[in-house]
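Engineer: Dumping the structure here so I can ask a few things about it.
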Amino acid sequence: MTNAEQLLWSRLRRKQVLGVQFYRQKPLASFIVDFYSAAARLVIELDGSQHFEAEHQANDKERDQALVAMGLLVLRFNNRQVLQETEGVMLVIFDAVERQIPPCPTFSKGGKT
């Protein structure tokens with residue numbers, strides 16, 4: 001793992017984000033995504049400098065479209081963002097997880113009142 005992946009994984013693993021399980025290097029369709037939460041239907045990709053090249057950007061766009069077609073939300077961050085703006089990245093992830101997982105209905109005992 002890159003330094004950015006190690007840092008982000010240390011913040012995602014063990015259900016640290018709203019009790020949601022994340023996996024790393026998860027196969028989905030014909031892709032292997034950096035981080036994935038099934039419960040939140042969320043994919044997180046970290047991009048190194050090579051992803052700024054036109055060919056990589058086209059591949060990333062195609063990949064993202066395929067993942068979105070599967071009903072997933074895809075978040076992309078570059079390594080610099082993760083290393084230098086960690087708290088901001090985590091806020092975006094927390095917000096995405098909250099949006100992706102509907103709130104639990106309050107428990108009410110069935111039957112007559």
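The values are calculated or read from the model by the stated rules, or taken from the named source; none is laboratory data. Because the structure is a prediction, the values reported are computed rather than measured. Please note: Cβ atoms are built from the backbone with ideal geometry, for glycine as well, and neighbour counts cover all protein chains shown.
Engineer: Might you check whether a residue that is on the phi > 0 side of the Ramachandran plot and modelled with pLDDT of 95 or more occurs anywhere in the stretch 75-98?
Structural biologist: Initially, the stretch 75-98 is screened for residues on the phi > 0 side of the Ramachandran plot, giving none.
So far as the stretch 75-98 goes, no, none of its residues is on the phi > 0 side of the Ramachandran plot and modelled with pLDDT of 95 or more.
Engineer: Here is a further query. Can you pull out every residue in the stretch 1-55 that is in a helix (DSSP H, G or I) and modelled with pLDDT of 95 or more?
Structural biologist: Answer for the stretch 1-55, where residues must be in a helix (DSSP H, G or I) and modelled with pLDDT of 95 or more: Asn3, Ala4, Glu5, Gln6, Leu7, Leu8, Trp9, Ser10, Arg11, Leu12.
Engineer: Going by the structure shown, is Leu83 in a helix (DSSP H, G or I) and under 16 Å from Arg11 (Cβ atoms)?
Structural biologist: Working: in a helix (DSSP H, G or I): yes; under 16 Å from Arg11 (Cβ atoms): yes.
When the stated conditions are applied, Leu83 passes them.
Engineer: If we scan the stretch 36-49, do we find a residue that is within 13 Å of the chain's Cα centre (by Cα), within 20 Å of Ile93 (Cα to Cα), of a type in the set (D, E, K, R) and surrounded by fewer than 17 Cβ atoms within 10 Å (Cβ to Cβ)?
Structural biologist: Within the stretch 36-49, one or more residues are within 13 Å of the chain's Cα centre (by Cα), within 20 Å of Ile93 (Cα to Cα), of a type in the set (D, E, K, R) and surrounded by fewer than 17 Cβ atoms within 10 Å (Cβ to Cβ).
Engineer: Search the stretch 61-79 for residues being over 16 Å from Leu91 (Cα atoms) and of a type in the set (Lys, Arg), and hand back the single one that is surrounded by the most Cβ atoms within 10 Å (Cβ to Cβ).
Structural biologist: Here the residue is Arg63.
Engineer: Which of the residues spanning the stretch 9-24 are among the small types (Gly, Ala, Ser) and closer than 24 Å to Pro102 by Cβ? Write out each step before concluding.
Structural biologist: Keep residues of the stretch 9-24 that are among the small types (Gly, Ala, Ser), which gives 10, 19.
Answer for the stretch 9-24, where residues must be among the small types (Gly, Ala, Ser) and closer than 24 Å to Pro102 by Cβ: just Gly19.
Engineer: Need the failing condition index for Gly71 against (1) part of a strand (DSSP E or B); (2) touching a residue at least 12 places away in the same chain (Cβ under 8 Å), just the number.
Structural biologist: Every condition holds for Gly71 apart from (1).
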